[in-house]
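Read-outs: derived from the displayed coordinates by stated rules, not from any lab. Quick caveat: nothing in here was measured; it's all calculated off a predicted structure. Cβ placement follows ideal geometry from the backbone for every residue including glycine, while neighbour counts extend to all protein chains displayed.
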Amino acid sequence: MKDIRLRARAKINLTLDVTGKREDGYHLIQSIMQTVSLYDGIYMKRIQKDEIILKSNLSWLPTDNRNLAYRAAELMKAKYGITEGVFIEIDKRIPVAAGLAGGSADCAAVLVGMNRLFDLGLSMKELESLAFLLGSDIPYCVQRGTVVSEGVGEILTPVKCQCPMCYVVLAKLPVSVSTATVYRGLDWQSVQDHPDTKGMIQAMAEADITKMGRLLGNVLETVTIPMHPQIAQLKEELVHLGAEGALMSGSGPTVFGLFKEEENAKKAASAIRKKFGLKEVVATKIYHSDSGKRGEQRNGRNKI
């Protein structure tokens with residue numbers, strides 16, 4: 001194989017709980033992660049010269065080893081003695097630094113792409129182990145789908161029932177949120193309102209989107225919302241516009257709402273964009289790994 005196209009898909013956290021803290025300072029989590037259809041387009045090509053060339057449609061995006069996708073290629077070349085080079089082009093569509101794992105998804109796609117391009121024959125578990133060396137969300141981005149993530153992101157348990165199909169509005173505030181700062185600011189032992197992970201899985205099994213909306217929960221909101229109160233306003237407005245529920249994804253600043261109908265999601269996205277003056281608002285939908293071939297080689301914008 002000389003070249004390959006992949007889709008690096010965004011994720012949302014339907015629940016995000018912090019259950020403890022390790023001696024090294026890392027927090028232990030329990031989170032139901034869900035892939036959505038919004039994706040970055042990744043094109044990869046083998047080249048003769050022993051180098052990594054990374055390009056992006058965003059001129060300000062780092063194209064050296066500050067970029068996780070570059071580091072993924074670097075790791076694979078070093079570990080498996082690959083002497084050929086690779087050209088990587090990223091068409092960014094997922095908002096950057098948004099709590100949607102865009103960078104992690106790109107990294108995961110490059111790991112998958114390197115495995116295929118250079119016929120390494122690595123299993124999904126082997127790819128996930130490599131992914132964990134690069135970041136805690138990256139193993140999930142290799143696996144994708146409806147998954148309970150635990151530990152520091154290394155324990156992944158697929159949810160058999162999967163998330164029922166529904167529509168998702170993503171709205172990112174134009175602010176920067178440091179994940180490390182949010183976790184440092186979290187007094188996890190004082191959190192009283194914990195997400196109901198089992199209840200959310202049961203709601204998914206029942207395909208009850210209304211119940212899912214009520215059970216959305218993220219303990220990191222207790223830190224990020226006081227820093228950026230507009231997150232709470234976005235949540236309230238999404239529900240007012242017909243969302244079954246709304247939540248901040250990851251450490252923020254993106255807020256998502258779950259909708260039963262596509263048309264309502266599109267109308268809500270337009271209204272949010274106009275009312276809050278936001279540029280990065282997307283109407284998308286839940287993605288299931290069995291609804292398309294993993295690492296599809298088709299390109300183009302996703303249709304909701």
Assign unit charges at the C-beta atoms only (+1 for Lys and Arg, -1 for Asp and Glu), then state the dipole size of the chain relative to its Cα centre in Debye, rounded to the nearest 20.
-> 980
Taking the Cα centre of segment 124-176 as the origin, how large is its charge dipole in debye, to the nearest 20, when only Lys and Arg (+1) and Asp and Glu (-1) carry charge on their Cβ atoms?
-> 240
To the nearest Å, what is the center-to-center distance of segment 249-274 and segment 109-183, using C-alpha atoms only?
-> 22
When the charge dipole of the chain is computed with +1 at the Cβ of Lys and Arg and -1 at the Cβ of Asp and Glu, the Cα pointing farthest to the positive end, of 202, 38, 223, is that of 38
Charge dipole (debye, nearest 20) of segment 3-160; +1 at Cβ of Lys and Arg, -1 at Cβ of Asp and Glu = 380
Would you work out which of 233, 166, 190 lies farthest towards the positive end of the dipole of segment 155-304? Charges go on Cβ: Lys and Arg +1, Asp and Glu -1.
-> 166
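All other residues with a Cβ under 9 Å from the Cβ of residue 92 taken together, and with Lys, Arg as +1 and Asp, Glu as -1, what is their net charge?
Surrounding charge for residue 92 is -2.
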Mean Cβ count within 10 Å, highest first, over the residues of peptides 126-134, 216-224, 100-108, 3-11 | 100-108, 3-11, 216-224, 126-134
Charge tally for neighbours of residue 68 with beta carbon under 14 Å away, counting Lys, Arg as +1 and Asp, Glu as -1, is -2
Convex hull volume per residue in cubic angstrom - Cα atoms of segment 50-139 = 89
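For a protection proxy built on the mean count of beta-carbon atoms within 10 angstrom, sort 261-270, 245-254 highest first, please.
In decreasing order of mean packing, 261-270, 245-254 become 245-254, 261-270.
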Find the lysine pairs in segment 3-160 meeting two conditions, Cα atoms under 27 Å apart and a separation of 8 or more places or different chains, and report how many there are.
-> 23
Going by average Cβ neighbours within 10 Å, how do the peptides 139-146, 278-285, 73-80 rank, with the highest at the top?
-> 139-146, 278-285, 73-80
Looks like segment 167-285, by Cα gyration tensor root eigenvalues a ≥ b ≥ c and the a/c under 1.5 rounded cutoff (else prolate when a/b is bigger than b/c, oblate otherwise), is oblate
